[in-house]
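A quick write-up on the structure given underneath.
The values are calculated or read from the model by the stated rules, or taken from the named source; none is laboratory data. For clarity, every value in this text was computed on a predicted model and none was experimentally measured. Glycine gets a Cβ as well: all are built from the backbone with ideal geometry, and neighbour counts include every protein chain shown. To get the accessible areas, we keep the full protein, side chains included, count just its heavy atoms, and leave off ligands, DNA and RNA. Shrake-Rupley method; radii C 1.70, N 1.55, O 1.52, S 1.80 Å.
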Amino acid sequence: MRKALEDNRDYWYNRIDDDKVQRAVEYSFKAELYETALLSYNILVDLTWTWTYVSAEYVLYSFDGEGNVTNAEDICGMHPIEEAYELLRKTENGVSSPHAEGNPFTYLKVMIPEFSEAVETIVEFWKVFSNSSIRNLYNFVKHKGKPLYEETEKLRGRKLMSIYIDDEECPSDIRDVQKIISVEKGLQELIDFDNNMLFPYVEKLLYHLKIAVDPSPLTFV
């Protein structure tokens with residue numbers, strides 16, 4: 001985000017004498033940085049589910065030396081790296097989104113009531129975020145491809161050709177029917193989302209997870 005908002009991006013590329021081409025290059029780079037930020041923010045949201053589920057499973061179960069569940073007691077002590085690695089991979093496989101059928105969060109609230117506040121934090125956030133423009137655009141980019149950007153399209157100039165049938169214009173270029181958004185508006189939306197929604201959510205969730213897990217301090221020898 002910081003790089004996308006910088007006025008001076010000369011270190012990305014050599015400046016071009018043609019001002020119109022230069023601005024087009026600048027907006028193209030800004031759009032790439034914006035998409036990277038968009039994906040990163042949404043991945044962070046998805047990871048918050050993993051934090052919660054893995055934390056709860058870790059508290060709920062104890063495992064034998066082969067990674068099998070032995071009983072529903074708190075885990076004591078530390079595991080060897082290889083064993084901990086395998087346990088974490090197995091637990092991660094149980095994570096799903098809060099709205100998915102059979103998602104584990106309701107189960108966690110019943111089995112481990114101390115995680116109720118963390119689960120409620122996720123659910124309340126998801127109710128608002130799941131249908132937001134930021135999430136919808138993320139899903140669009142992930143499943144359907146890149147959008148066009150108003151800023152670069154304005155600099156592109158006239159179309160090479162137009163096709164009319166019965167006085168109605170038909171697509172002559174894939175750009176005619178691509179989704180189009182504004183990179184400047186998108187960046188501002190991400191800034192507002194980060195400041196007013198995402199950061200408070202993550203901060204609150206980590207607070208509740210810390211209380212629920214109650215981690216012991218590490219002692220270094």
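Here is the link list: 179/210; 127/185; 127/154; 142/185; 3/142; 3/179. Which ones come out longer than 31 Å on Cα distance?
Working: 179/210 42 Å; 127/185 23 Å; 127/154 36 Å; 142/185 20 Å; 3/142 22 Å; 3/179 24 Å.
Over 31 Å apart, Cα to Cα: 179/210; 127/154.
Whole number in Å², please: accessible area per residue of segment 109-158, 1.4 Å probe, ligands, DNA and RNA not counted. Intermediate results must be reported in sequence, preceding the final value.
Details: 2850 Å² over 50 residues.
On a per-residue basis, segment 109-158 sits at 57 Å².
Provide the solvent-accessible area of residue 86, counting protein heavy atoms only and rolling a 1.4 Å probe, rounded to the nearest 10 Å².
The accessible area comes out at roughly 100 Å².
Please report the net charge: other residues with Cβ closer than 14 Å to the Cβ of residue 133, K and R +1, D and E -1. Numbers along the way, then the final one.
Numbers: positive: 135, 179, 185; negative: 189, 192.
Net charge around residue 133: +1.
How high is the FRET efficiency from residue 139 to residue 164, r the C-beta distance, R0 35 Å, rounded to 0.05? Walk me through the intermediate numbers first.
Numbers: r = 34 Å, r/R0 = 0.98.
According to the calculation, E is roughly 0.55.
With every protein chain left in place and a probe of 1.4 Å, what is the accessible surface of residue 82, to the nearest 10 Å²?
150 Å²
For 26, 189, 203, what's the largest-to-smallest order of accessible area, 1.4 Å probe? Display every interim value, and only then the final one.
Working: 26 40, 189 70, 203 110 Å².
Descending order: 203, 189, 26.
Accessible area, 1.4 Å probe, largest first: how do 108, 206 sort?
Numbers: 108 0, 206 85 Å².
So, going from the largest accessible area down, we get 206, 108.
Order 167, 214, 10, 19, most accessible first, counting only protein heavy atoms with a 1.4 angstrom probe. The partial results should precede the final answer.
Numbers: 167 145, 214 115, 10 70, 19 95 Å².
Largest to smallest exposure gives the sequence 167, 214, 19, 10.
When all protein chains stay in place, what accessible area (Å², nearest 10, 1.4 Å probe) is found for residue 85?
Rounded to the nearest 10, that gives 130 Å².
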